[in-house]
Amino acid sequence: MTDRKPCTLAADLLNILCCPMCRGQLEQEQPGCRCLRCGKVFPLVKGVLRFVSEHNYAETFGYQWQVFSRTQFHPDWSERALLRKTALREKDVRGKLVLDVGCGTGRFAEVVTRWGGRVIGVDISAAAEVAANNLADRDFVALQADVFNLPLKAESFDVIYSIGVLHHTPDCEAAFKQLPAYLGPGGALAVWLYSGYNNWYRFSDLYRKATHQIPVQKLHRFLRMAVPVLYWTDRGLRKFPLFGEPAAKVLNHLLPVNRNPNPEMRVLDTLDWYSPQYQSKHTYEQVFRWFESSGLENLTVGDVPITVKGEKPIQAATDSEHSDRREFKELETPNIAWSVRTPRCLAKTP
């Protein structure tokens with residue numbers, strides 16, 4: 001077996017990380033990191049630096065992505081989805097430092113690293129472990145962290161994207177507005193959120209009030225039986241002339257049916273839909289306002305609602321932004337390089 005190429009992000013990581021509590025500089029401390037300012041220690045667990053508690057509102061996603069760790073790893077499908085849900089192209093990420101917010105199993109980071117980008121993926125759930133394993137041979141580092149308190153320095157990234165994640169936070173708008181601060185001048189920020197234009201969601205939203213309280217393992221077992229029944233009932237109804245299609249539409253409205261041809265994907269998508277505690281829907285009008293109020297410009301939309309991409313102006317920052325940046329710098333101490341024995345999650349060696 002040939003040795004894997006070490007992740008080039010390892011040498012740069014301490015230049016990007018900071019304490020999410022006080023914004024102080026971090027130093028390596030086996031196993032993990034320690035803040036030089038406040039002394040807080042952030043452990044390295046199963047190859048991933050942890051900046052949040054193991055138990056949080058996104059625990060169901062940790063279970064989901066550990067069970068379905070490779071289900072969505074279809075390179076062609078992931079590439080098409082990334083294009084449609086971010087409006088980003090290969091030329092936009094090649095040679096760039098990219099932040100994947102809510103990286104899940106790393107399926108979109110796989111595309112970006114294949115296109116020549118260097119990716120830091122953050123996820124509040126244990127899915128970060130899965131991403132670290134799936135992309136162990138790529139220019140990728142996974143962190144378990146909260147979007148509302150990221151352990152990252154201001155203006156560190158050339159590109160930031162978040163696909164299908166921010167609407168699962170307690171406050172989607174507030175989560176979105178955390179991100180522009182981490183984007184460098186001229187950088188691009190793209191998000192994809194659930195659409196608020198479709199009435200199809202109404203019944204599933206009612207059901208979710210109960211389903212999100214069911215332990216995710218039990219909900220998964222139930223859906224493994226229920227999803228095939230609904231799928232084949234839907235297929236059977238649509239074969240009948242005249243009344244078949246209308247009846248299938250009623251079924252799909254009352255009991256939303258996943259029509260993905262892949263059986264495993266059907267169960268995964270349904271679990272993903274009914275297990276989260278939070279799931280908000282949004283309109284272009286809302287999201288445009290978020291981008292504009294954050295100072296982003298050149299807004300474009302992607303192929304799938306609700307996809308919006310914007311850019312951070314290159315011109316000099318406002319006085320308030322300069323003040324914020326000075327505050328970050330005052331809390332930082334000189335950079336400290338990683339030792340030769342870099343943790344596995346950062347060095348990406350076998």
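Some values worked out for this structure:
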| item | result |
| --- | --- |
| Checking Val165 against (1) crowded, with 23+ Cβ neighbours inside 10 Å; (2) more than 23 Å from Thr307 (Cβ to Cβ), the condition it does not meet | (2) |
| Flag if Lys85 is crowded, with 16+ Cβ neighbours inside 10 Å and either among the basic types (Lys, Arg) or without any contact (Cβ under 8 Å) to a residue 24 or more places away in the chain (or both) | yes |
| Per-region count, the range 279-313, residues hydroxyl-bearing (Ser, Thr, Tyr) and loosely packed, with under 15 Cβ neighbours inside 10 Å | 3 |
| Residue check, Ala188 assigned by TED's automatic domain parsing to the domain that holds Phe51, among the small types (Gly, Ala, Ser), surrounded by 20 or more Cβ atoms within 10 Å (Cβ to Cβ) and over 15 Å from the mean Cα position of the chain (by Cα) | yes |
| Subset of the range 280-336 [of a type outside the set (Ser, Thr, Tyr), part of a helix (DSSP H, G or I) and at pLDDT below 95] | Asp319, Glu321, His322, Asp324, Arg325, Arg326, Glu327, Phe328, Lys329, Glu330, Leu331 |
| Only one of Ala142, Ala127 that is of a type in the set (Gly, Ala, Ser) and farther than 19 Å from Pro276 by Cβ | Ala142 |
| Checking Pro261 against (1) under 21 Å from Ser275 (Cα atoms); (2) outside the structural domain of Ile306 (by TED's automatic domain parsing), the condition it does not meet | (1) |
| Residue within the range 153-172 that is touching a Ser or Thr at 6+ places or on another chain (Cβ under 7 Å) and of a type in the set (D, E, K, R) present | no |
| Selection count where residues are touching a residue at least 24 places away in the same chain (Cβ under 8 Å), surrounded by fewer than 17 Cβ atoms within 10 Å (Cβ to Cβ) and not aromatic (Phe, Trp, Tyr), scope the range 48-58 | 2 |
| Number of positions in the range 205-257 that are of a type in the set (S, T, N, Q) and either under 22 Å from Gly62 (Cα atoms) or touching a residue at least 60 places away in the same chain (Cβ under 8 Å) (or both) | 3 |
| Hits in the range 95-137 - residues which are among the basic types (Lys, Arg) and either at positive phi or under 13 Å from the mean Cα position of the chain (by Cα) (or both) | Arg107 |
| Test result for Gln144, in the same structural domain as Val257 (by TED's automatic domain parsing), modelled with pLDDT of 95 or more and among the polar types (S, T, N, Q) | no |
| Within the range 69-90, considering residues that are in contact with a helix residue (DSSP H, G or I) (Cβ under 6 Å, 6 or more places away or on another chain) and hydroxyl-bearing (Ser, Thr, Tyr), the one modelled with the highest pLDDT | Ser78 |
| First in the range 90-104 and farther than 18 Å from Leu13 by Cβ, second anywhere and of a type in the set (Ser, Thr, Tyr) and not in a loop (DSSP other than H, G, I, E, B), Cβ under 6 Å, 6 or more apart | Gly102/Ser162 |
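The values are calculated or read from the model by the stated rules, or taken from the named source; none is laboratory data. This is a predicted model, so every value here is computed, not measured. No Cβ is skipped: glycine too gets one built from the backbone with ideal geometry, and neighbour counts run over all protein chains shown.
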